[in-house]
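The values are calculated or read from the model by the stated rules, or taken from the named source; none is laboratory data. On a predicted model such as this, the values are computed, not experimentally measured, just so you know. Here the Cβ positions follow ideal geometry from the backbone for every residue, glycine too, while neighbour counts run over all protein chains shown. Note: accessible area is taken over every heavy atom of the protein model, side chains too, but ligands, DNA and RNA are not part of it. Shrake-Rupley method; radii C 1.70, N 1.55, O 1.52, S 1.80 Å.
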Amino acid sequence: MTTTSARATDTPAAQLPDYPMPRAARCPFDPPPALHALQDQAPISRVRLWDGSTPWLVTRYDDMRALLADPRISSEDTHPQFPHQSPALKERRRESRTFISMDDPEHARLRRMVTAAFSIKQVEALRPAIQKIVDGLIDAMLAGPRPVDLVQAFALPVPSLVVCELLGVPYADHDFFQANSKALLNRGTTPQQARSALRQLAGYLDRVVGDKLAHPADDLLSRLAERVRAGELSRHEAADTGMLLLIAGHETTANMIALGTVALLQHPDQLGRLRESDDLKVVASAVEELLRYLTVVHSGRRRVALEDIEIGGVTIPAGDGVVLANDIGNRDPAAFPDPDRLDVGRAARHHLAFGFGVHQCLGQPLARVELQVVYSTLYRRIPTLKLAVDLDELPFKHDSGVYGVYELPVTW
């Protein structure tokens, strides 16, 4: 195979395409058309980020899986060439570091301390409680006025209530942590605003860990506090881990609930297949396909090459940043035939929505159960659910690192 050196393909930064790329307004669920073109013609090529850096963009499914499993590629966001998503997330690195931005052995040490809480067995034990939360929120919607914003009335409360219960954080504080999470994920947030949000969240989680040290309960933050007491974990590490789980535990799932609802309402044949089946396997298959089709984490997985890596006919030099665009990877026809079609019966569990390799999303079992309960309940209990505005009136999250809608007015 002929490989192309970085030097031979270097192009002035001003002539490189910007990443992320704009989506087509008429196709709110599809990756940007320019990503399709790159996947077909230049699947590993340089792009320009917000700060002028020029990492490599990887767009094909097989290349992404290979790189995400390669020990020569690093998640360490302290590396000078790490391709940060935004000024806010670069600032987060200065204030707070969590295991998702570390390599082994530190990554493994910290991740092991919370893995048990997200095991399939433990998460399945939560299914009845999640069902009760979902039914209670639907009851409240049915008893209230119409139209209603499904984001505020349902999509955000479901995962927020679950993660608060799991961590041992008061749900009464949800407005506080959701507002600060939003600030960190918005690409327009300034470093000063990010610093303020981080310090507020860090101070909050530190106080919660302190409360758990004094008054332990049966929750995840209490178990982390036990590790602090035993000298296995610093209080700062425990608070940072709690902050990661609190943000990740509600933000991505909430967006999947709302955006998944929009997608299904735009594909009534697929919604009908899901609503009319009481087979959990059918529901689970629909969840995997929606995760693939929507891929709400649409700013790519960010890494740095530790050594020269030859892949896809290109040599990525040691020290270069790498962005793995998993939204277009999940639309690769080599991995998913007819990939731009939503098909809830598709075998799609090999998607990259949760990443791949040692950094694959820790909370994916919980996200899957939450989405299974939501998708198997909401549309059956409100079979005439519909948008209360036209699709092009919805405020999509084009400015956020996690895609979704800010509001979703619905009626029935």
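Rolling a 1.4 angstrom probe over the protein heavy atoms with all chains in place gives the stretch 301-412 an accessible area of 35 Å² per residue. Given R0 = 25 Å, the distance between the Cβ atoms of Arg127 and Arg341 translates into a calculated FRET efficiency of 0.25. For the chain, the residue among Val323, Phe118, Ala263 whose Cα projects farthest onto the positive side of the dipole built from Cβ charges is Phe118. Note on Phe118: accessible area approximately 20 square angstrom, rounded to 10, probe 1.4 Å, nucleic acids and ligands left out.
Share of carbon and sulfur in the accessible area of the stretch 297-412 stands at 51%, probe radius 1.4 Å.
Run the numbers on the chain and let me know its relative contact order in percent, using alpha-carbon pairs under 8 Å that are six or more apart. Relative contact order of the chain: 26 percent.
Only Cα sites of the stretch 14-64 enter the Debye sum here, all with the same form factor; the resulting log10 I(q)/I(0) across q = 0.25, 0.30, 0.31 1/Å is -1.01, -1.18, -1.20, listed in q order. Each of Cys27 and Ala14 was given a label point 7 Å from its Cα along the Cα-to-Cβ line. The distance between the two points is 3.1 nm. Normalised size of the stretch 183-226, defined as Cα radius of gyration per 2.2 N^0.38 Å with N residues, equals 1.50.
Tell me, what is the per residue accessible area of the stretch 137-189 in Å², probe radius 1.4 Å?
On the way: 2130 Å² over 53 residues.
Computed with neighbouring chains in place, this is 40 Å² per residue.
So, with a 1.4 angstrom probe, what is the percent of accessible area on the stretch 193-294 that is carbon and sulfur? Display every interim value, and only then the final one.
Numbers: 1910 of 3960 Å².
Ligands and nucleic acids excluded, carbon and sulfur reach 48 percent.
Evaluate the Debye formula for the chain with equal point scatterers sitting on the alpha carbons, no solvent, and hand back log10 of I(q)/I(0) at q = 0.09, 0.10, 0.12 Å⁻¹, in q order, two decimals. These q points yield log10 I(q)/I(0) values of -0.55, -0.68, -1.00. Placing a pseudo-label 7 Å from each Cα along the Cα-to-Cβ vector at Glu165 and Ile120 gives an inter-label distance of 2.2 nm.
Counting protein heavy atoms only, the stretch 59-142 has 54 percent of its accessible area on carbon and sulfur, 1.4 angstrom probe. Full extension of the chain segment joining Ala172 with Gln360 gains 64.6 nm, where the gain is 0.36 nm per residue of separation less the Cα-Cα distance.
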